[in-house]
Amino acid sequence: MNTIANIAFRNLSRQKKRTILLGSAIAFGVMIVTLINGFAGAFSSNVSENFSNLMAGHIFISGTEKGPNDKDMSVIRNDSSLTAAVEASGAPTKYITRRSAFSGTLIFEGKKIRTNVDGAQLDKETFLRERLLLKDGSWDAMADETALILSEKIAAKLNADVGDTILVQMQTVNGQNNVGEFTLAGISFDAGIFGQMMSYANLSYVNELLGLAPDEYQTMGIMLDGLKNTEVSASEIYARLNESGVQLFERGVKDETGAETPFQALLRKQNKESWEGVKYRLFTINEMLSQIKQIVAALDTTAAIILVVLFVIIMVGITNTFSMVMFERIGEIGTMRALGVQRGGVRSMFLYEAVFLALGGAIAGIILALIVMLGISMINFGMDSPAFLIMKNGHMSFYLPPLKAVGNVIIIALLTLVAVSSPAGKAAKLTPAEALRTQK
Amino acid sequence: MKRLIAATILAIAAAGSAAFAQDLPKILSTLDAQSDFTGKDFAAVYTIVSQKPGEKDTVSQVRMFRRDAKKQFAMLVVLPEVNKGQGYLREDDNVWFYDPTSRKFSFSSIKENIQNSEAKNSDLTRKSILDDYEVVGSKEGTVGKIAVWIIDLKARTNEVSYDRSVLYIRKDKTMLLKQEDYSVSGRLMRTMLFPKYVELEGRLMPSQILIIDELNLGERSQLTLTEQSLAILPDKVFTKAFLEQVNK
C-alpha cells in the first residue's frame, strides 16, 4: 500500500504546472471560506464586548415598579440586596455601574436632534474617562451638575461648542413632559455609529429630570473580567437574588415564534404581569444581542454555500484533469496491471493522488488565510471607524475554531475523492492487454 | 377719611377676590362640562396644519369618535395619505396604535403627539381639570382687550402630560381663550390659543386651536374642527375590529 501511496505522491510532481494550478484553485476556495469562518468566529465576541463597554456591563439588573394605572416605571430605589447578591455570587467583577437614562431631543439655537442621555456617577466611573476621549472640553467641567458630554457628530449637528447651554425635551419616568438645561462640558471623539448616539451627564441631574430621587437609579451594570464568564456569573447572581427574597422576573423567557430576542420576550411578559413594589429583571449582554448569533449563523451558512459552489466548479476541473491523466498514463497502467498490480491498487493510486492534492491545497489555503488575517488585523482602523462595533480596539480580529478548519479540510478531501472516483474507476477497469494496446 | 377710603377699597377688593376664589371651582367645572360628552357620543374631523421653520407645512387629518361615559375613543388617520388607515383606540387607560401595513396593534399613550404635530392625543379627549389639577393661584388680566381670569393649576397626579398649566378664561362667558403648559421643571413648553368656538347643542366648544411650541421657536400647529356631531355611534366603532375593518 505504501508503494502505491509513494507512486501517487510522486505522480503529483510529474506535471508540476497542472498540480500547482489545481492546488491553487483548492487553496483559493479554502482561503475564502476560512476568512469568512474566521470573521464570523470573532464577530459575535467583538460586538458583545464592544456593546458591554458602551453599556458599561456584561450583566444588568433593572428594577420596575407599577405606577398608578398599572404603568411600568423603571427604578431601583434600594440596591443593598443587589450588591449583596453580586458579592455573594463570587462573580469576577471589575466594577459596578449605576445609571439612569432617557431618550430626548436636544435643542440648540433652532437645531435639534434626538439622542440617548446616560446619567452616570462620573466621579466613580473612572473607566469612562479612560475610554471616552475628549476632543474639546474637560472632565473637570463635569463637576457642574448640569454638565453634558456629546459626541463630535451630535455637537456638530447642533453647531454647539463647549460652554453652550443646550435644552433637552424629554419625559419623566411617569411620562410627564419635562425640559432640562445642560451645559456642554465636553465633546468626545466619535466611537463608531452607536457611540455617536451616546451622551453622558451626571446621574443626579438625569434623576432630577426623570423625577427620581438623587440616590435612586434605573440600571445596575456589572462589568466582569471578560465576556466568557457572563452566563455562569449571571446564573450565580440570579440564584443569590432569589435566595435573598427580592421579587424577580423569570430568566430565559423564550418567544415561541422566534420573532423576539429573549430580552424582548422578557419585556413583553413583564407588561402582562402585576405586582407591588420593585421587581427586578436580570439580563446579559448575550440576551440583548442574541440576534448576533443569527448573523453569525448566516455568515457560516454563506461560507458553506461558497465552499460548495467553489468546489462544484473545482470538482469539474479535477474530474476533467484526472480523466486526462488517466488517458496520459494508460500505457503505464497497462504495464502496472501486467506486473501484477490489482484493480484496487490502480484505483487507490488515483485516489491517493487526489487526496494529497486536496490536503496540500487545503493546508496551503488555511496558511494563506492565516497570513491574510494577520495582515488585516495589523491595520489600525481607529476607534472612530464606522465598523467600530465589529472590531477589537480598532483592529479587525479573527477567530478560526480549529474544528471548523478540520471540517473544511475533510469536506474538501471527500469532494475531491468524489470528483476523482469516476476517472479512477475507469482506470481500474482497464485490462492490461487493452491498456497496453491503446494508442495515445 | 383717607384711611377709611383705603380700608373700603381694600375690603371691596378682598371681598371680590374671595368671591372669585369661591367661583373658581364653578368656572373650572363649566370648562370641564364643555369638553365632557358623557351621555352622548361625539364625532368630529380634526385637520392639523403643522409649521416648522425651513420645512413645508404638513397637513394631517384625523376622524375622532368619542364615548366619554366609557373613557373610549377611536381615532382614524385620514391624512397624510401615507399614514391613511392608521388608528388609535382607547379602552379605559390603555391606548392602542394600529398600523395597517403590519396589521398589528402596539401599545401607545394618550400623551403621544398626533402625526408629528404639536397636538397630543390627550388634547382631543375629555379633560377633567378639577380631577387632574389643583388651583395654586388666580388673578385677573386681559387677553388682547378681553378681560379674563388667569388661573394657575398644578397637577394633582403624574398622569397628565403637563405638570403645570395656566388658563386664561374669558370673564363674561366661560370660554378658554389661552392655555400655557409647563414642564415638570417649570419651563413654558407650549401655548394654546382658542380663537374660534362653535355652539353644539347648547355647549361651547373650540373649533380652532393654535398650538405654539415655545421650545422650538417657529414650530406651531393649527387644529380645525369640522363635522362635529353628538349623534349616537355604534358600539363596534370602539373596537379593534373596527380599525382593522376600515382598512379592508
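All of the numbers you see were taken from the coordinates with simple rules; none came from a lab. Nothing here was measured: the structure is a model prediction, and the numbers come from that model. Note: ideal-geometry Cβ built from the backbone for every residue, glycine included; neighbour counts use all protein chains shown.
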Next on the checklist: Just to be sure I understand the rule: take each whole DSSP H helix in chain A, project its Cα atoms onto its long axis, keep it if the span is 18 Å or more and its mean Kyte-Doolittle hydropathy is at least 1.0. Which ones pass?
Outcome noted: A:290-328, A:343-377, A:402-429
Checklist entry - Of A:LYS16/A:LYS426; A:LYS111/B:LYS240; B:LYS56/B:LYS154; B:LYS178/B:LYS236, which ones are farther than 29 Å apart at the Cα? => result A:LYS111/B:LYS240; B:LYS56/B:LYS154; B:LYS178/B:LYS236
Next on the checklist: Quick check: the distance between the Cα centres of segment A:224-247 and segment B:156-201, to the nearest angstrom?
Outcome noted: 50
Item to check | Backbone N within segment B:220-248 under 11 Å of label point (7 Å from B:ALA69 Cα along the Cβ vector) | outcome: B:232-233
Checklist outcome for this item: Answer check: the protein assembly as shown, Cα atoms, Kirkwood Rh, Rg/Rh ratio of 1.17
Item to check | Given charges at Cβ of Lys, Arg, Asp, Glu: segment A:162-249 dipole, positive-most of A:TYR238, A:MET220, A:THR172 | outcome: A:TYR238
Checklist outcome for this item: Residues B:THR239, A:THR301 in order from fewest to most other beta-carbon atoms within 10 Å are A:THR301, B:THR239
Checklist entry - Can you give the Rg to Rh ratio of segment A:31-74, both from alpha-carbon atoms, with Rh computed by the Kirkwood formula? => result 1.39
Checklist outcome for this item: Any aspartates and glutamates whose Cα falls less than 12 Å from that of A:LYS228, other than same-chain ones fewer than 8 residues away, would be A:GLU49
Checklist entry - What list of ³J(HN,Hα) couplings, whole Hz, do you get for segment B:44-60 from phi and the Karplus terms 6.51, -1.76, 1.60, once you set θ to phi - 60° and write x for glycine and proline? => result 6, 10, 9, 10, 10, 9, 10, 10, 9, x, x, 10, 6, 4, 10, 10, 10
Checklist entry - When the dipole is taken about the Cα centre of the protein assembly as shown, and only Lys, Arg (+1) and Asp, Glu (-1) are charged at their Cβ, what size is it in debye, to the nearest 20? => result 2900
Item to check | Computed Rg/Rh of segment A:280-422, alpha carbon atoms with Kirkwood Rh | outcome: 1.19
Checklist entry - Once amide H atoms are placed 1.01 Å from N in the peptide plane, what residues at a sequence separation of 5 or more from B:SER138, or on another chain, have their amide H within under 5 Å of its amide H? => result B:ASP152
Checklist entry - Running Debye on segment A:138-246 with equal point scatterers at the Cα sites and no solvent, what base-10 log of I(q)/I(0) appears at q = 0.15, 0.16, 0.23 Å⁻¹? => result -0.83, -0.89, -1.21
Next on the checklist: Can you compute log10 of I(q)/I(0) for segment A:1-129 with the Debye formula, treating each Cα as one identical point scatterer, at q = 0.11, 0.19, 0.20 Å⁻¹?
Outcome noted: -0.69, -1.22, -1.25
Checklist entry - What list do you get for A:VAL47, B:VAL136 if you sort them by fewest beta carbons within 10 Å? => result B:VAL136, A:VAL47
Next on the checklist: Nothing charged except the Cβ atoms of Lys and Arg (+1) and of Asp and Glu (-1): what's the magnitude of the dipole of segment A:54-211 about its Cα centre? Round to the nearest 20 debye.
Outcome noted: 460
Checklist outcome for this item: Expressed in nanometres to one decimal, the distance between label points 7 Å along Cα→Cβ at A:PHE28 and B:VAL59 is 6.2
Item to check | Fewest-first ranking of B:LYS171, B:LYS178, using other Cβ atoms within 10 Å as the exposure measure | outcome: B:LYS171, B:LYS178
Checklist entry - Cα centroids of segment B:222-246 and segment A:45-109: how far apart, whole angstrom? => result 42
Checklist entry - If you count, for every residue in A:179-185, the Cβ atoms of partner chains within 10 Å of its Cβ, what is the mean? => result 2
